[in-house]
Ligand SMILES: Nc1ncnc2c1ncn2[C@@H]1O[C@H](COP(=O)(O)OP(=O)(O)O)[C@@H](O)[C@H]1O
Ligand SMILES: [Mg+2]
């Protein structure tokens with residue numbers, strides 16, 4: 001797979017990460033796949049919270065302890081695109097469990113965001129946006145955007 005144009009963003013505080021997510025959520029359409037990678041505490045869930053705000057979906061985004069995927073339905077005043085938020089951490093690389101979630105069906109009508117998705121969820125679609133989050137110190141994060149497929153020609157946040 002050819003990777004083009006990596007964009008890097010510096011996110012000094014959590015509010016910046018949420019705001020970045022909000023901008024991304026404002027660009028997402030049904031069928032979009034976003035993969036988030038980065039260690040525990042990197043800000044994947046914070047970013048997803050922003051994406052949910054940008055999409056204007058219902059419900060609170062959290063790090064689900066017992067749930068692997070949570071659907072946030074489209075809400076009045078939002079963009080009309082539901083969000084499926086997957087936390088693949090507990091899958092521990094068990095790809096068949098990912099298949100059990102039927103994300104390819106969800107991916108038609110919803111935007112799907114997968115935490116810990118790198119190396120696991122790309123097979124759901126060649127068209128995806130990979131965001132790698134790294135932690136520079138207690139607060140500062142850097143987001144690297146890796147567009148794949150049709151994302152290479154789309155507007156990035
Ligand atoms: N710039 C930043 N961006 C995102 N989170 C930050 C930032 N600075 C500090 N934090 C803190 O880091 C933690 C990130 O947690 P979370 O989003 O749950 O990470 P992950 O889902 O990657 O494990 C939160 O406690 C948040 O307050
Ligand atoms: Mg998380």
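The values are calculated or read from the model by the stated rules, or taken from the named source; none is laboratory data. Keep in mind that this is a model prediction, so the values were computed, not measured. Counting neighbours? That spans all protein chains shown, and the Cβs are built from the backbone with ideal geometry, glycine included.
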Exercise for the section: Count, please, the residues in the range 15-65 that happen to be outside any helix (DSSP H, G or I), within 12 Å of ligand 1 (Cβ to nearest atom), surrounded by 15 or more Cβ atoms within 10 Å (Cβ to Cβ) and touching a residue at least 24 places away in the same chain (Cβ under 8 Å). Expected result: 6
Practice task
Can you work out which of the residues in the range 66-84 that are modelled with pLDDT of 95 or more and within 16 Å of ligand 2 (Cβ to nearest atom) is surrounded by the fewest Cβ atoms within 10 Å (Cβ to Cβ)?
Solution key: 84
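If you take just the strands (runs of 3 or more DSSP E) that sit entirely in the range 95-157, which of them hold at least 1 residues that are closer than 14 Å to residue 7 by Cα?
The strands (runs of 3 or more DSSP E) meeting that bar are 128-135, 141-148.
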Fill in the blank from the handout: Of (1) farther than 23 Å from residue 103 by Cβ; (2) touching a strand residue (DSSP E or B) at 6+ places or on another chain (Cβ under 8 Å), residue 38 fails just (1)
